[in-house]
Amino acid sequence: MSNAVQPIVDEQTVRPDFVPKEGYLSREFAHLEAERLWPHVWQVACRLEEIARVGDFVTYDILDESIIIVRTSDQDIKAFFNVCQHRGRRLTQGCGHANTFMCRFHGWTWRIDGSLAKVLDREDWQGCSGMDADDLRLRDVKVDTWGGFVFINMDPDAENLANYLDPVPAHVNCFELDKLRYRWYKSVRLPCNWKVALEAFTEGYHVAATHPQLLDITGDDETRSFAMGKHGMFGYPTATRPLGAPSKRTGKPIPQDLRPGLVAFYQEMENTLKAIFTARDHEAVRRVLTEVPDGTPPVEVFMKGMQFQKEAAIASGAGWPEISPEQLAKAGTDWHVFPNLVFLHYPDGALAYRSRPDSDTSDWCTYDIWSLARYAPGAEPPLKREYYYGPQDWRTEVIENFGLILSQDFQNMHEVQRGMKSRGFRGARTNPLQESSISNFHKVLYQYLSREPGA
């Protein structure tokens, strides 16, 4: 490693309370990510429901690489580098259904299993080496699934996905993420580094200042963040106030009657986010107003509200996972799966984020946001992907497009990216109790970037 590169990828410069700013701003750092991170990590390409039928495919782009993910049988999924073996033209874009992949430049064609189907005027290569069918098949990319997510890894020597994800599945498999389906799908270009966007959702420390409208109904908002191997998690292990009660920061006592606050919390989330929880959850929890006596202890009110939600989900045919109180506590609230997936889970739904650099600069990224929910089989809505890729789309009518909560977060990301360029800023002073998953993320990232190619 050159002397010029070494200082910006020295993991010793990352502490639980400090992350250097160069990782968000340096073009050289971004180039190292392109070379040493993205080709060697497992990353989410799509959800299984996007490739439900044989021949369904999704194109996943990350910087200069493009991957085709395609269902080849009822049981099998394959992934290939999205490039014609003749002259290098990309074969697919977006998503769709195909029986073959044909290059629109000269008509070379491949079957969906990657095998060669046609070379126009193939006899012209008579006697040339490297023209066997095996030489010309599409190049495979490792692919595997977990929790309904389809992961790819471009490194043929990468560890298997189960080992890579450890210990995430042991904590959250009980939520049956594989049974969730899209409620909505939105993708937006944001004027910030991909890590700035991702980290806005890997900690709950920002809620008090960024989302003050939640403080009267969100219960304790003081979190604890934990490193989990490559990954990270935060939750509320020290919470003494349930949902529906005001945060301690407000100075207000826990009300004797939690019922209106609990109903207001789910109503606010449905009005301003439409994710994590479902419209069914909000309607079901309203039963506490008429079926739970005034004066019932707050924790019992909360548990009755969740019981009503479970009953409504089961009655609808969507089902409800069997999760013990111990599992619920162990699972936390928010997981960051290294490098670029974040999800917040609940028995009835989830909110997931995927962040990707989309150029060799550090100032823009593509941010995918997915609201997932439980549905009765066949009752899920048709998937509609919404794209907001204009330079001002993240700002223009953002509340209408994304809701209040996400629009509040987007404003932070833009200003953080601008502010970090100041000569008066050396790096992020991460909260060692509530933002430790961020500093752990950078330690792991620096480890990847410090490896010499081939190491």
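Quick notes on this structure:
- Counting the residues of the range 334-359 that are more than 11 Å from the chain's Cα centre (by Cα) and not in a loop (DSSP other than H, G, I, E, B) gives 4.
- Exclusive hit being under 30 Å from PHE226 (Cβ atoms), open to solvent by less than 10 Å² (accessible area, probe 1.4 Å), touching a residue at least 60 places away in the same chain (Cβ under 8 Å) and not small (Gly, Ala, Ser), set LEU372, LEU433, LEU404: LEU372
- Between GLY251, GLY229, the distinction of being within 30 Å of LEU63 (Cα to Cα), more than 17 Å from the chain's Cα centre (by Cα) and open to solvent by 20 Å² or more (accessible area, probe 1.4 Å) belongs to GLY229 only.
Conditions tested, residue by residue: (1) at pLDDT 95 or above; (2) open to solvent by less than 70 Å² (accessible area, probe 1.4 Å).
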position: ASN82; (1), (2): yes, yes
position: GLN85; (1), (2): yes, yes
position: ARG89; (1), (2): yes, no
position: CYS95; (1), (2): yes, yes
position: GLY130; (1), (2): no, yes
position: LEU136; (1), (2): yes, yes
position: PHE149; (1), (2): yes, yes
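- Single match in TRP184, TRP194 (criterion: within 24 Å of THR366 (Cα to Cα), touching a residue at least 40 places away in the same chain (Cβ under 8 Å) and open to solvent by 10 Å² or more (accessible area, probe 1.4 Å)): TRP184
- Residue match in the range 266-284 (condition: farther than 29 Å from TRP370 by Cβ and open to solvent by 20 Å² or more (accessible area, probe 1.4 Å)): no
- Counting only residues that are hydroxyl-bearing (Ser, Thr, Tyr), open to solvent by 10 Å² or more (accessible area, probe 1.4 Å) and assigned to a loop (DSSP other than H, G, I, E, B), the range 197-226 holds 2 of them.
- Among the candidates GLY305, GLY332, the residue that is modelled with pLDDT of 95 or more, of a type in the set (Gly, Ala, Ser) and under 30 Å from GLU199 (Cβ atoms) is uniquely GLY332.
Yes or no, residue by residue, for (1) at pLDDT 95 or above; (2) part of a helix (DSSP H, G or I); (3) within 28 Å of SER225 (Cα to Cα); (4) open to solvent by 60 Å² or more (accessible area, probe 1.4 Å):
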| position | (1), (2), (3), (4) |
| --- | --- |
| ALA376 | yes, no, no, no |
| TYR387 | yes, no, no, yes |
| GLN392 | no, no, no, yes |
| GLU400 | no, yes, no, yes |
| HIS414 | no, yes, yes, no |
| HIS442 | yes, yes, yes, no |
| LEU445 | yes, yes, yes, no |
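- Hey, THR240 of a type in the set (Val, Ile, Thr), under 27 Å from the mean Cα position of the chain (by Cα) and either at pLDDT 95 or above or open to solvent by 40 Å² or more (accessible area, probe 1.4 Å) (or both) or not: no
- Every pair of residues 6+ apart whose Cβ atoms lie under 8 Å, when the first sits in the range 133-149 and is without any contact (Cβ under 8 Å) to a residue 60 or more places away in the chain while the second is in a helix (DSSP H, G or I) and surrounded by 18 or more Cβ atoms within 10 Å (Cβ to Cβ): TRP146/LEU161; TRP146/LEU165; GLY147/VAL172; GLY147/LEU177
- Single condition CYS174 does not satisfy, out of (1) in contact with a strand residue (DSSP E or B) (Cβ under 9 Å, 6 or more places away or on another chain); (2) within 29 Å of ARG354 (Cβ to Cβ); (3) open to solvent by less than 70 Å² (accessible area, probe 1.4 Å); (4) not polar (S, T, N, Q): (1)
- Residue-level check: of (1) open to solvent by 10 Å² or more (accessible area, probe 1.4 Å); (2) closer than 22 Å to PRO191 by Cβ, PRO339 misses just (1).
- Consider the range 120-168 and keep the residues that are hydrophobic (A, V, I, L, M, F, W, C) and in a loop (DSSP other than H, G, I, E, B). The one that is nearest to the chain's Cα centre (by Cα) is MET154.
- Within the range 295-315, the set of residues being open to solvent by less than 50 Å² (accessible area, probe 1.4 Å) and polar (S, T, N, Q) comprises THR296, GLN309.
- Those residues of the range 169-196 which are in a strand (DSSP E or B) and hydrophobic (A, V, I, L, M, F, W, C), in sequence order: LEU180, TRP184, VAL188, LEU190
- Yes/no for HIS31 being open to solvent by 50 Å² or more (accessible area, probe 1.4 Å) and either modelled with pLDDT of 95 or more or within 17 Å of SER115 (Cβ to Cβ) (or both): no
- First in the range 51-74 and closer than 19 Å to ARG181 by Cα and assigned to a strand (DSSP E or B), second anywhere and open to solvent by less than 10 Å² (accessible area, probe 1.4 Å) and hydroxyl-bearing (Ser, Thr, Tyr), Cβ under 7 Å, 6 or more apart: ILE69/TYR60
- Against the conditions (1) within 22 Å of PHE149 (Cα to Cα); (2) over 22 Å from the mean Cα position of the chain (by Cα), GLY419 satisfies every one except (1).
The values are calculated or read from the model by the stated rules, or taken from the named source; none is laboratory data. Note that the structure is predicted; figures quoted are calculated from it, not measured. Here Cβ is always computed from backbone atoms with ideal geometry, including for glycine, and neighbour counts include all displayed protein chains. Heavy atoms of the whole protein, side chains included, go into the accessibility calculation; ligands, DNA and RNA do not. Shrake-Rupley method; radii C 1.70, N 1.55, O 1.52, S 1.80 Å.
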